[in-house]
Amino acid sequence: MAELGFEPGSHMNQPVDGRAKKRGRKGGTRIIVARGENIRTYRLSPWLFGTGVGILLLFLAAYVGSTVYLIFRDDVLTAAMTRQVEIQYDYEDRISLLRSEIDRVTSRHIVETESIEGQVSSLLERQDGLRRQQVLLDDLIGRARDQGISFASIVTPTPLPRPGRPSETGDGAIQPVIAMEPADAGTADASMAYSKDRFGSAESATNNALNPDPAGVGQSKPIEPTLKDLRSSLDQFEILQAMTVHALKVSAKREARRLTAAIGHFGVKSPPAPLGLLETRQDSAQGGPFIPAESSNLLNGMVTVQQTLQHIDLLKNSATSIPVRKPLPRVDLTSSFGYRVDPFKKKPGYHSGIDLRAAEGSPVSATGAGKITHASSKGGYGLMVEVSHGRNLKTRYAHLSSINVIVGQYVNAGDVVGLVGSTGRSTGPHLHYEAVRDGKAVDPMAFLSASGDI
């Protein structure tokens, strides 16, 4: 059996397989191979041994590096790609910011270098837009007044004079460049409107700026301060319009909420609120030619006011069938709803309505819109009219001296259904008024007391 041993260069003897071997005097590393009694010695010079060890270490390093690379290659590639994408996005963002800055600087440069004619044209175009908006706003104000909606008055602001260049009359009063005053002096809350000349001051100012008086050579005023005053006046007028629209919107929404709560108190389902500006109902037929609208926050606010006023109309229409009107011009209660002492038997009994004192022959009005379901004599009621208002709600008018309607007839709130009398179980001329919901008598005063809310 062969045995292998290494003996580094030294002056000491090294045993191999239990035997002592002497080392030669020459330096270096010897390899001793023992096979039985045969012993062979191979001597390696130091540089050859170092080269072999170096090659072995390089091989091991390359092997370990290749293994690590194969294991983590995907992660390294992913991280590199992610970093590259982030750098690309950052670069694109910087380019976008630079483009925006360039556009902003370019726009400013265009505005600053715009000709006088272009500036005046822009002001006149804006002026026309404000005029169109005012027409719509005047209509909304009129509709709001028709609905009984009140809103806070808005005082028309007067432009302040530019320092060193006041625009004053002889008495020292500041004159706005664009005249703004209520269209009707009789209505103090006419939030705002144009004067009779409707921007005449602005147009004359721009015309004078473009066409100086030839007779006054060298006396024409600089155009820039005049245009600045025009812009300031238009800005103030636009702010005033926005304030009016906001006041209308707040008041209209408050009225819509109040009506919704009042109607809901009687179990009547309120109509749905209006949709937004860009919403449409999928279950309703629509159509008409397309007319593009001017896009602005003020226009959106006016659309909201218009839709809210339409909602108020729907709420009031749905409330017409609620019996909240007074059946008589004057409510003089002689007997209330509920338990009382019966006027004939002088014993406690249940009174299913209220008794209202009135002179015989006084007209009796329907308290809400509905259909006549009874118009004849009925036991202790005497001559009685019954009106069905829908939603299982009915009203009855008893002890009448005569009846003015027939069964099946539709009546509106305020229509006369009969005359006060004393027919049936009655001690004298009066009106017995009942309200019946779901077949049960309820206190009619709950409806009559809400007449001011609807």
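Select from the range 393-404 the residues that are of a type in the set (Ser, Thr, Tyr) and touching a Phe, Trp or Tyr at 6+ places or on another chain (Cβ under 8 Å) and write down the one among them that is surrounded by the fewest Cβ atoms within 10 Å (Cβ to Cβ).
At the first step, the residues of the range 393-404 found to be of a type in the set (Ser, Thr, Tyr) are 395, 397, 401-402.
Among the residues that remain, those that are also touching a Phe, Trp or Tyr at 6+ places or on another chain (Cβ under 8 Å) are: 395, 397.
Numbers: THR395: 23, TYR397: 29.
Step by step, filter the range 393-404, then rank; the result is THR395.
Within the group VAL416, VAL407, which residue is without any contact (Cβ under 8 Å) to a residue 40 or more places away in the chain and surrounded by fewer than 19 Cβ atoms within 10 Å (Cβ to Cβ)?
The match here is VAL407.
Which one of the conditions (1) of a type outside the set (D, E, K, R); (2) crowded, with 19+ Cβ neighbours inside 10 Å; (3) farther than 17 Å from LEU419 by Cα; (4) not assigned by TED's automatic domain parsing to the domain that holds GLY439 does GLY370 fail to meet, given that it meets all the rest?
GLY370 satisfies all of (1) of a type outside the set (D, E, K, R); (2) crowded, with 19+ Cβ neighbours inside 10 Å; (3) farther than 17 Å from LEU419 by Cα; (4) not assigned by TED's automatic domain parsing to the domain that holds GLY439 except (4).
If you go through the range 312-329 one residue at a time, how many are farther than 17 Å from LEU400 by Cα and in contact with a strand residue (DSSP E or B) (Cβ under 9 Å, 6 or more places away or on another chain)?
Number satisfying all stated conditions: 4.
Among the candidates ALA247, ALA252, ALA242, single out the residue that is under 21 Å from the mean Cα position of the chain (by Cα), closer than 26 Å to ALA369 by Cβ, modelled with pLDDT of 85 or more and in a helix (DSSP H, G or I).
ALA252
Can you pull out the strands (runs of 3 or more DSSP E) entirely within the range 16-60 that have at least 3 residues that are at pLDDT 75 or above?
In the range 16-60, 29-35, 38-44 are the strands (runs of 3 or more DSSP E) which contain 3 or more residues that are at pLDDT 75 or above.
Taking only the range 413-442 into account, find how many residues are of a type outside the set (Ser, Thr, Tyr) and under 30 Å from GLN147 (Cβ atoms).
Qualifying residue count, the range 413-442: 8.
For every residue, the table says whether it meets (1) assigned by TED's automatic domain parsing to the domain that holds GLN409; (2) touching a residue at least 24 places away in the same chain (Cβ under 8 Å); (3) surrounded by 14 or more Cβ atoms within 10 Å (Cβ to Cβ).
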position	(1), (2), (3)
LEU328	no, yes, yes
ASP342	yes, no, no
LYS345	yes, no, no
HIS351	yes, no, yes
ILE354	yes, yes, yes
ALA358	yes, yes, yes
PRO363	yes, yes, yes
HIS374	yes, yes, yes
VAL385	yes, yes, yes
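Select from the range 419-436 the residues that are out of contact with any Ser or Thr (no Cβ under 9 Å at 6 or more places or on another chain) and surrounded by fewer than 16 Cβ atoms within 10 Å (Cβ to Cβ) and list them in ascending order. Break it down into steps so the answer makes sense when it comes.
Let us first name the residues in the range 419-436 that are out of contact with any Ser or Thr (no Cβ under 9 Å at 6 or more places or on another chain), namely 425-427.
Hits for the range 419-436 are ARG425, THR427.
Is it the case that ARG94 is touching a strand residue (DSSP E or B) at 6+ places or on another chain (Cβ under 9 Å), at pLDDT 85 or above and either under 30 Å from LEU240 (Cβ atoms) or not assigned by TED's automatic domain parsing to the domain that holds VAL250 (or both)?
No.
Is it the case that THR308 is under 27 Å from GLN147 (Cβ atoms), touching a Lys or Arg at 6+ places or on another chain (Cβ under 7 Å), touching a residue at least 24 places away in the same chain (Cβ under 8 Å) and not assigned by TED's automatic domain parsing to the domain that holds ILE403? Explain how you work it out, then say what you get.
On the way: under 27 Å from GLN147 (Cβ atoms): yes; touching a Lys or Arg at 6+ places or on another chain (Cβ under 7 Å): yes; touching a residue at least 24 places away in the same chain (Cβ under 8 Å): yes; not assigned by TED's automatic domain parsing to the domain that holds ILE403: yes.
Yes.
In the list THR156, THR106, which residue meets the criterion of being at pLDDT 75 or above and either outside any strand (DSSP E or B) or not basic (Lys, Arg) (or both)?
Working: THR156 fails: at pLDDT 75 or above.
Going through THR156, THR106 in turn, just one is at pLDDT 75 or above and either outside any strand (DSSP E or B) or not basic (Lys, Arg) (or both): THR106.
The values are calculated or read from the model by the stated rules, or taken from the named source; none is laboratory data. These numbers come from a predicted model, not from an experiment. For neighbour counting, all protein chains shown are included, and Cβ atoms are generated from backbone atoms with ideal geometry for every residue, glycine included.
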